[in-house]
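Everything on this sheet refers to the single structure shown next.
The values are calculated or read from the model by the stated rules, or taken from the named source; none is laboratory data. Everything numeric in this text was worked out from a predicted model, so none of it was measured. Here the Cβ positions follow ideal geometry from the backbone for every residue, glycine too, while neighbour counts run over all protein chains shown.
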Ligand SMILES: Nc1ncnc2c1ncn2[C@@H]1O[C@H](COP(=O)(O)OP(=O)(O)OP(=O)(O)O)[C@@H](O)[C@H]1O
């Protein structure tokens, strides 16, 4: 077998290193994109794009002029409609890239300390709401501003406490309908009407509360915690994906992972093993 062509490839070790770096970067970016879109509307889009690409290549290889013409037009339609239909996803991607969050998930030191305390309060509230079958939707805002979606709500600006969160969602009270917004460790608003997700993959048994949770996480880096009124099931939505059937402990763990920096969270885990999971955050005001 003639392998002389390989001599060109291996002529310069620097070329090999450069090619390897090139491949690794591309593979990593593709991996992050696939992870980012898995379970979201964009996953369906990607499947459609791959199918269109296969058809285009086949049509061109087989010289099917009419199909080729059709494919060309379809690509144009795709290019025009893509940014319109997927505006929320593209906005989120660009925001993540802008903050450098597409490649890292770390949170600032200040946020970490505040979040330690509120994670416990949220876990406790979710537990009690779930056991009493009281529906609830909490949204924890992180870096993306979503003020334009919160105009409908009622201003609160109160310290996060399990007691207050439970009170807000008591049925037939003025603030129970809609979402409660937590930002900068404060309950900023209640009774907010959020944009609904139109993700076709969402379980048909899930209604508008869960769609609203998904909707806001498709548009921003917020985390939404949902307690189902019907079943008491606790769920968490993030990046347009939903995790269901959480118990209060796993909810705390996920929130801890997502909201606290890694090294800090390891301290929390150590304390939990030592039997003192209840984290004492800075209490400037009485939470009860
Ligand atoms: N766009 C929205 N933004 C915020 N909250 C909403 C929105 N739409 C509905 N909700 C809340 O969801 C409640 C209705 O929940 P629905 O039964 O339709 O959804 P679900 O996902 O099946 O929830 P559950 O399992 O609790 O019944 C409303 O009373 C309201 O509090």
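Odds and ends about this structure:
- Qualifying residue in the range 148-155 (condition: touching a helix residue (DSSP H, G or I) at 6+ places or on another chain (Cβ under 7 Å) and modelled with pLDDT under 90): yes
- Of the strands (runs of 3 or more DSSP E) lying entirely inside the range 147-209, not one carries at least 2 residues that are surrounded by fewer than 18 Cβ atoms within 10 Å (Cβ to Cβ) and within 11 Å of the ligand (Cβ to nearest atom).
- From 110, 77, residue being modelled with pLDDT under 70 and either assigned to a helix (DSSP H, G or I) or in the same structural domain as residue 182 (by TED's automatic domain parsing) (or both): 110
- Top-ranked residue of the range 7-46 - restricted to ones that are exposed (fewer than 10 other Cβ atoms within 10 Å of the Cβ) and part of a helix (DSSP H, G or I), ranked as modelled with the highest pLDDT: 14
- Scanning the range 127-146 for residues that are assigned to a loop (DSSP other than H, G, I, E, B) and loosely packed, with under 15 Cβ neighbours inside 10 Å, we see that the one that is nearest to the ligand (Cβ to nearest atom) is 133.
- Residues of the range 217-237 satisfying the condition of being over 9 Å from the mean Cα position of the chain (by Cα) and within 12 Å of the ligand (Cβ to nearest atom): 226, 227, 228, 229, 230, 231, 232, 233, 234, 235
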